[in-house]
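The values are calculated or read from the model by the stated rules, or taken from the named source; none is laboratory data. Nothing here was measured: the structure is a model prediction, and the numbers come from that model. Positions of Cβ are backbone-derived with ideal geometry, glycine not excepted, and every protein chain shown enters the neighbour counts. Note: accessible area is taken over every heavy atom of the protein model, side chains too, but ligands, DNA and RNA are not part of it. Shrake-Rupley method; radii C 1.70, N 1.55, O 1.52, S 1.80 Å.
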Amino acid sequence: MRLHMEKKMVELLEPVQGFLHCSTPQAWLDEAAKPENTSMLLLDHLHCELKAAQSATFLIRRYAPESQLAGHVLSWLEPYEDFLYRGRGSGDFSQAAVPSKLGLKDRNHDPVVNELLSKMVLLIKEELHHFQQVWEIMEARDIEIVPLSAARYAAGLRRHMRTHEPAAFIDKLILGAYIEARSCERFAKLAPLLDTELERFYTSLLRSEARHYQDYLALADLLAEQAGTPLTSVQDRIQVLGEVEAELITADDDQFRFHSGKPLNHSQEIAIEGSATDLI
Ligand SMILES: [Fe+2]
Ligand SMILES: [Fe+2]
C-alpha cells in the first residue's frame, strides 16, 4: 500500500519537477522545517491561498467581464478578505457560496472564456477551502493573524510580464502555472520534515496544486491557439519566465516566506505593513 502511494506521488511530481527550472534549495527547507518558523509558514500560507483565489478572480473580471460570474466573484471572496485583512468574522466560512462548477447559464460560446471560467471557478473554490483548512490549523495552535510585509516573489515575477494583449494574458497564465508548480514542489519536499498533522495536510494539497499548474498551462495554449500565436512562442515564454522564477528561488533572501529564496540571516520580525503578495 505504502509503495503504491509512493509510486503515485512520484508520478504526480515528475511533471512538476520537469517544468520547474530548479529544485527548492536545501537551505530554505532547513529554515522552513524549524519549529520556530511554523507560525510564519502557516501565516504566509494563509495569505497565499487567498492571493491565489484573488488572482483567479482578477482573471475572470479582466478577461470575461461580460459573464454573469464576473459580477459575483468579488462577493465570494469578501468574507475571507474581511477576516484576513479587517479582523471581521468568526473564521467559519461554511456559508460562503462558491459553486463547484459552471451552471448552464454561465457557459460561454467563446472556448477560451468558457475554459477560463470553469477552471478558475473550481480553482477559487479549492483555494478558499485550503484557506479554511490552514486557518483551522492555525486556530488550534493559537497562531494569530497579523499583517505581513509583501514578499518579493510575486512582484519579482510580475516585473517580467509583457503589457500588450494577448501576450499579457499568456504571461499571466504562465506565471500562474509557475507559482502553483512551485507551491506543489515545496509542499512535497517540506511535508516529511514537519509534524504529522502538517505532513498529512501538505501531502493532501499536492494533487490540486499539480492540477492548478496544468490548468494554467492548458489555458495558455488554448489562448495562443485562438489568438493565432504560434505555440513555440508560448514555449519561449515558458522558458524565459521559468528562468526568472528559478532566479528568485535560488537567490539570497533576507525574508522568510513560503516562496522566498535562500535564507540569509533573515529577521523573524513581522513588519506591520502591506500584505503578502504570493499565491498558491
Ligand atoms: Fe491552494
Ligand atoms: Fe493552487
Give the residue that is surrounded by the most Cβ atoms within 10 Å (Cβ to Cβ), with candidates limited to residues of segment 218-245 that are touching a helix residue (DSSP H, G or I) at 6+ places or on another chain (Cβ under 9 Å), of a type outside the set (Val, Ile, Thr) and under 25 Å from Pro25 (Cα atoms).
-> Glu245
Exception for Val98 within (1) open to solvent by less than 10 Å² (accessible area, probe 1.4 Å); (2) within 16 Å of ligand 2 (Cβ to nearest atom) falls at (1)
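Can you tell me which residues in segment 183-225 are charged (D, E, K, R) and either away from ligand 2 (no atom under 16 Å from the Cβ) or in contact (Cβ under 8 Å) with a residue 24 or more places away in the chain (or both)?
Selection gives Glu185, Arg186, Lys189, Asp195, Glu197, Glu199, Arg200, Arg207, Glu209, Asp215, Asp221, Glu225.
Just for segment 108-148: of the residues that are among the β-branched types (Val, Ile, Thr) and in a helix (DSSP H, G or I), which one is nearest to ligand 1 (Cβ to nearest atom)?
Of the residues in segment 108-148, the ones among the β-branched types (Val, Ile, Thr) are 112-113, 121, 124, 134, 137, 143, 145-146.
Filter again for in a helix (DSSP H, G or I), leaving 112-113, 121, 124, 134, 137.
On the way: Val112: 24, Val113: 24, Val121: 15, Ile124: 10, Val134: 9, Ile137: 14 Å.
Among residues in segment 108-148 that are among the β-branched types (Val, Ile, Thr) and in a helix (DSSP H, G or I), the one nearest to ligand 1 (Cβ to nearest atom) is Val134.
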Under 6 Å between Cβ atoms, at least 6 apart or on separate chains: pull out the pairs that start in segment 31-52 with a residue that is more than 16 Å from ligand 2 (Cβ to nearest atom) and end on any residue that is small (Gly, Ala, Ser) and open to solvent by less than 30 Å² (accessible area, probe 1.4 Å).
-> Leu41/Ala32
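Among helices (runs of 4 or more DSSP H) lying entirely in segment 1-75, which contain 3 or more residues that are in contact with an Asp or Glu (Cβ under 6 Å, 6 or more places away or on another chain) and crowded, with 19+ Cβ neighbours inside 10 Å? Let's see the steps before the verdict.
On the way: elements: 2-19, 26-32, 38-63.
Hits in segment 1-75: 38-63.
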